[in-house]
Amino acid sequence: MKVMILAFDGLEYSLVEKWNLKNLKQTQYGRVAIPPECYTETVDPAGNKVYEPWTPYVWASFMTGKLPSEIGLTKAKAKFWKNPILQFLKVVSMRIKLDKIKGKGKLFQRMGFQKKQFNILWDAKCLTIFHYAKNPSIINVPLVSEEWSLRLEEKTFDEMIKNCWENFWEIKSQTIKAIEEENWDLLMSYVRFLDIVGELCFGNFREMFKAYMACNIYVGQIKKITKDKVVCLIVSDHGMERFGNTKFGKHSDYAFYSLNMKMSQKPHLITDFYAIITDLLVRDIKASS
């Protein structure tokens, strides 16, 4: 049986429940915890230090079943300079907290220096879920696709919201097209849409509801195409919660998941999905051989 993974950055369990979004819920759904090693230090809207799940770490653990340290992934290596001297200086600056100074990277890139992203398919020290597939289809997946992050620097609020909606529609179109081609056994598609809307608009009911309804409709369209002939896993890397009394949101400590099938044992950690997915793929390979 085919396995389809619809990855939604920032999909919040409590909002799916609150608005009873049945397409997102599927047959079995719930929350899973994120290992502490998948957290990183960042800054909240008020400039205070906070620790929250970091997208590259969480998806790396999801796709490998291992913690970032076990596959050689560090924050300095998530995107690194091809020039070894610049990369060494980057590592040192992170250790002494100079990496918070903005603009250094852009300056070096204007000078012609290039960055390379950690690619989990060949840089990780283990197999990923994609290694178990005969013909994987990969759409905008963190640490796999060449360009997966939606950049919003130096934009107004309205421009950022418009940009993330356009990116969502583009990924949605690519995903539906790939599903209809039917020549895959494992498909994974990722959208950052809800993460951005959640961070910018968590206190804005209208914007949040519109975004979640759009994702619920998107999944409904896919279900009409697949007709439950595939195993569908919907999963996030974290949820969202309101940041104090502001309109902003921050990453929560749990991730959302749902499946269109019942499992005898429910997953508890984001790393648990690796065994579930690879078992389905291996079982299918054995059955066809």
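Structure notes:
- Neighbours by Cβ (under 8 Å, 6+ apart or cross-chain): first from the stretch 71-86, not assigned by TED's automatic domain parsing to the domain that holds GLU41 and among the charged types (D, E, K, R); second at pLDDT below 75 and in a strand (DSSP E or B): LYS79/LYS115; LYS79/LYS116; LYS79/GLN117; LYS82/LYS115; LYS82/LYS116
- Test: residue in the stretch 217-232 that is within 21 Å of VAL58 (Cα to Cα) and modelled with pLDDT of 90 or more: yes
- Taking the criterion of being hydroxyl-bearing (Ser, Thr, Tyr), part of a helix (DSSP H, G or I) and modelled with pLDDT under 95, the only residue of the stretch 260-289 that qualifies is SER288.
- Flag if SER258 is surrounded by 20 or more Cβ atoms within 10 Å (Cβ to Cβ), among the polar types (S, T, N, Q) and in contact with a Lys or Arg (Cβ under 9 Å, 6 or more places away or on another chain): yes
- Some residue of the stretch 217-235 being in the same structural domain as GLN26 (by TED's automatic domain parsing), in contact (Cβ under 8 Å) with a residue 60 or more places away in the chain and under 15 Å from ILE161 (Cβ atoms): no
- Filtering the stretch 38-53 to residues that are assigned to a loop (DSSP other than H, G, I, E, B) and acidic (Asp, Glu) leaves only ASP44.
- Within the stretch 144-152, not a single residue is touching a helix residue (DSSP H, G or I) at 6+ places or on another chain (Cβ under 7 Å) and either free of Cβ contacts under 8 Å to residues at least 12 places away in the same chain or within 30 Å of MET1 (Cα to Cα) (or both).
- Qualifying positions in the stretch 1-37 - farther than 16 Å from VAL235 by Cα and assigned to a helix (DSSP H, G or I): LYS18, PRO36, GLU37
- When GLN265 is tested against (1) touching a His at 6+ places or on another chain (Cβ under 9 Å); (2) of a type in the set (S, T, N, Q); (3) surrounded by fewer than 14 Cβ atoms within 10 Å (Cβ to Cβ), only condition (1) is not met.
- In the stretch 28-52, the qualifying residues are those that are touching a His at 6+ places or on another chain (Cβ under 7 Å) and at pLDDT 95 or above, and the one that is nearest to GLU17 (Cα to Cα) is VAL32.
- Close contacts from the stretch 29-42, counting a first residue that is free of Cβ contacts under 8 Å to residues at least 24 places away in the same chain and a second that is acidic (Asp, Glu), with Cβ to Cβ under 8 Å and a gap of 6+ residues or different chains, come to TYR39/GLU52; THR42/GLU52.
- Hey, VAL58 crowded, with 18+ Cβ neighbours inside 10 Å, among the aliphatic types (A, V, I, L, M) and not in a strand (DSSP E or B) or not: yes
The values are calculated or read from the model by the stated rules, or taken from the named source; none is laboratory data. All values derive from a computational prediction rather than experimental measurement. Using ideal geometry, Cβ is built from the backbone for each residue, glycine included, and neighbour counts are taken over all protein chains shown.
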